[in-house]
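Student: This is the structure, below, for whatever I ask next.
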Amino acid sequence: MCSDLVIKATGVKKRYEDNYALDGIDIEVNSGQILGFIGPNGAGKSTFLQSVLGLINTEGNLEVLGLDPRKDRHKLLKEVCSITDVAVLPKWMTVDQVLNYVDGVHPGFDLKKCLAILSRTNIKRSSKIKTLSRGMVVQLHLSIVMSIDAKLLVLDEPTLGLDLVYRKEFYSQLIEDYYDGDKTILISTHQVEEIEGVLSNAIFMNQGRIVMQDSIESINKKFLELRPTQDSIERAKSLRPIHSRMELGREVFLYEDTEQDKLSEIGEVRPPIIADLFMAIMEKTRKGSET
Amino acid sequence: MITVFFTMIRREIQEHKVAFIYAPFAVALVLCFVIASVYFGITDIQTNEFNFSTEIYDEDYQEAMLLASPEAKARVIRAGLIFLGLPILLTVGFGLLAYSLSTFADERKDKSLIFWRSMPVSDLTTVFSKLLFVIFIVPLLVMPNIILLQSVAMLSASIYFVSNDIVPFSYLWTSYFLTDWFRIIFSLWAQALWSLPIFLWLMFAGTYARRPVIGAAVPLVATIVLERIIFKTNEVWGFIDNRLGFWSRADSFPIALEEIRVVDISDIILMLSTQAFWIGMIASAILVAGIVYTRSTNNDYTVE
């Protein structure tokens, strides 16, 4: 895995009237990372991804593959692919027409590769896109994206509205057939549990700001979740957890930078799932700002 | 770059084949059927203002036909063929107005704009491809229908004349100029350039307005009314009215063409030399800049 800088954002801001959708974002993304943007609605995830694609103007400094995405969007999109919504393929086109279109305008598109991927699906080349099921449209869009030799792939809620089977298929195909260790993938989704297994890094966002950013490896070392035995709850509380929650009538504690051996003595220890960690970090941040 | 433009134009043709291929062809077929029906005596069209019937070919008319000078004969035949093609041109004209209003609105409405903009094609290239389609390609798509219509009309009339012993078969064909095809196509290109500010204004409305028809109409109506109230003039309406009509009939065209005739290439050069044409081009350039800017910055996909 190489580590060339793909995205460098310094003090990136985006304001809509009185509200900051992005409020001073500082990020460095290296090639090979699969980076998940996690946050509630209005956190600024999509706004940031749109700015990476050059679709909106922002304040501050933002470089994607060494280019200014707003000024050099045309040049940048030769190296960057995106799926920002599953329902955006033009419905009036046939599958063949959309493939020929991409083949005609995108220098990095490999039509043969795309047709090979599509041959493993039930999608007919003569079908109109409006006659395909939502899942098939996603398969088609993903087939197109996977056939483009791009350095950066941006996925903004790519599986919104899909059922579980297609969502699982989408991510497994993405990782197995597309990701080669050098490509960089940015993913924003509400279904965090479905992507956490594929992420190499995560960014937690809230109200236009980054709350936390780290590699999954580091997060798993830094944060531990403890399910203490019934008689060890007071001892668990004394080890100063950063968050606690109830799970099936059992208290679960989250710790930051606490030795695993100490925790193992009093209960079952495992890394937290991203969604739980996010909730805990948000609550910690909220409490911090209140005090 | 040529491949990109070719692809973009092919996309426009695929998307709008009903308006610019099927509809003109359907109109041409209907006209061919009507013309053939009239000449084969199945029907005729007679109104107070218009008479298309073989009854006009009485003895006096036949004599006049045979006595007519080659120039007069050619003038009548060419004007008649142009006149027959008008319904096709009007169909395409309405198609172009509808296309201009919807082309940027539809991509917002169905959100396909997100897909188009995920491809490495600049907004300027997209706008130019649509201009190229309106100005250059649509007239080319129209021409086969005009040729078909003219051929059917010429053939039907010739068969009628021969079978009724009116004039020899070659009578019409010696006055049929294949070069008129080129005159017509150049005239249509000139027409598209002349009407370009109207098409671009409608396209511009499609890039920003939630209701493109209202977005296109309201600012114009407001400007026309304000101009009349403040300056007591009618320049804006005059501009629109002229641009919606045939360029060779515009107020600013130096020659008053009273009769229907095939325009000469020199007429087009004359049009290109007028101030009105270049005012239209400047307005068009401003509108192109507006379309590119609005399309690249507007992230509102709400279109009703």
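Student: Taking the condition over 17 Å from residue A:188 (Cα atoms) and either part of a strand (DSSP E or B) or within 14 Å of chain B (Cβ to nearest Cβ) (or both), does residue A:15 pass?
Tutor: Yes: the conditions hold for residue A:15.
Student: Could you run through region A:160-191 and say how many residues are within 23 Å of residue A:53 (Cα to Cα) and in contact with a Gly (Cβ under 7 Å, 6 or more places away or on another chain)?
Tutor: Looking only at that region, the number is 4.
Student: Just checking, how many residues over region A:144-185 are of a type in the set (Lys, Arg), open to solvent by 60 Å² or more (accessible area, probe 1.4 Å) and more than 20 Å from residue A:114 (Cβ to Cβ)?
Tutor: Matching residues across region A:144-185 total 1.
Student: If you don't mind, there's one more thing I want to ask. Cβ-Cβ below 7 Å, separation at least six or inter-chain, first residue in region A:166-190 and under 15 Å from residue A:149 (Cβ atoms), second assigned to a helix (DSSP H, G or I): which pairs?
Tutor: Sorted first by the residue in region A:166-190, then by its partner, the pairs are A:177/A:146; A:178/A:146.
Student: Residues A:39, A:24: which one is in contact with a strand residue (DSSP E or B) (Cβ under 6 Å, 6 or more places away or on another chain) and either within 12 Å of chain B (Cβ to nearest Cβ) or crowded, with 16+ Cβ neighbours inside 10 Å (or both)?
Tutor: A:39
Student: Return the residues of region A:60-73 that are open to solvent by 10 Å² or more (accessible area, probe 1.4 Å) and at pLDDT 90 or above; say none if nothing qualifies.
Tutor: Those that are open to solvent by 10 Å² or more (accessible area, probe 1.4 Å) and at pLDDT 90 or above: A:60, A:61, A:62, A:63, A:65, A:66, A:67, A:68.
Student: Consider residue B:152 carefully, then state whether it is over 30 Å from residue A:98 (Cβ atoms), open to solvent by 10 Å² or more (accessible area, probe 1.4 Å), in a helix (DSSP H, G or I) and without any contact (Cβ under 8 Å) to a residue 60 or more places away in the chain.
Tutor: No.
Student: Looking at region B:115-131, which of the residues that are touching a residue at least 40 places away in the same chain (Cβ under 8 Å) and facing another protein chain (nearest Cβ under 9 Å) is nearest to residue A:83 (Cα to Cα)?
Tutor: Looking at residues that are touching a residue at least 40 places away in the same chain (Cβ under 8 Å) and facing another protein chain (nearest Cβ under 9 Å), I get B:121.
Student: State all residues of region A:66-94 that are closer than 11 Å to residue A:141 by Cβ and outside any loop (DSSP other than H, G, I, E, B); if no residue qualifies, say none.
Tutor: Residues satisfying the conditions are A:81, A:82, A:83, A:86, A:87, A:88.
Student: Turning to a different aspect of this structure: Could you please tell me which pairs satisfy a Cβ distance under 9 Å, a separation of 6+ or placement on different chains, a first residue in region B:279-290 that is over 15 Å from residue B:130 (Cβ atoms), and a second residue that is open to solvent by less than 30 Å² (accessible area, probe 1.4 Å) and hydroxyl-bearing (Ser, Thr, Tyr)?
Tutor: Qualifying pairs under 9 Å: B:280/B:195.
Student: Turning to a different aspect of this structure: Which one of these does residue A:54 not meet: (1) assigned to a loop (DSSP other than H, G, I, E, B); (2) open to solvent by 40 Å² or more (accessible area, probe 1.4 Å)?
Tutor: (2)
Student: Exactly one of these conditions fails for residue B:97: (1) open to solvent by less than 30 Å² (accessible area, probe 1.4 Å); (2) closer than 30 Å to residue B:128 by Cβ; (3) in contact (Cβ under 8 Å) with a residue 60 or more places away in the chain; (4) not charged (D, E, K, R). Give me its number.
Tutor: All conditions pass for residue B:97, except number (1).
Student: Quick one: which helices (runs of 4 or more DSSP H) sit completely within region A:186-252 and have at least 1 residues that are within 28 Å of the chain's Cα centre (by Cα) and surrounded by 16 or more Cβ atoms within 10 Å (Cβ to Cβ)?
Tutor: Answer list for region A:186-252: A:192-195, A:216-222.
Student: In region B:39-65, which residues are surrounded by 11 or more Cβ atoms within 10 Å (Cβ to Cβ) and assigned to a loop (DSSP other than H, G, I, E, B)?
Tutor: Residues satisfying the conditions are B:40, B:41, B:43, B:44, B:53, B:57.
Student: What do you reckon, is residue B:91 over 30 Å from residue B:171 (Cα atoms), within 14 Å of another protein chain (Cβ to nearest Cβ) and either over 13 Å from the mean Cα position of the chain (by Cα) or modelled with pLDDT of 95 or more (or both)?
Tutor: Taking the combined requirement at face value, the residue does not satisfy it.
Student: Restricting to region A:55-73, and then to whatever is among the acidic types (Asp, Glu) and touching a residue at least 40 places away in the same chain (Cβ under 8 Å), can you tell me which residue is farthest from the other protein chains (Cβ to nearest Cβ)?
Tutor: A:63
Student: Residues of region B:1-37 being free of Cβ contacts under 8 Å to residues at least 24 places away in the same chain, open to solvent by less than 60 Å² (accessible area, probe 1.4 Å) and more than 11 Å from chain A (Cβ to nearest Cβ), which ones?
Tutor: Hits for region B:1-37 are B:26, B:34, B:37.
Student: Just need a number here: residues in region A:88-108 that are buried (at least 20 other Cβ atoms within 10 Å of the Cβ) and more than 9 Å from chain B (Cβ to nearest Cβ).
Tutor: Matching residues across region A:88-108 total 2.
Student: Residue check: is residue A:76 more than 7 Å from chain B (Cβ to nearest Cβ), at pLDDT 90 or above and farther than 26 Å from residue A:52 by Cβ?
Tutor: no
The values are calculated or read from the model by the stated rules, or taken from the named source; none is laboratory data. In this text, all values refer to a predicted model and were calculated from it rather than measured experimentally. Using ideal geometry, Cβ is built from the backbone for each residue, glycine included, and neighbour counts are taken over all protein chains shown. Note: accessible area is taken over every heavy atom of the protein model, side chains too, but ligands, DNA and RNA are not part of it. Shrake-Rupley method; radii C 1.70, N 1.55, O 1.52, S 1.80 Å.
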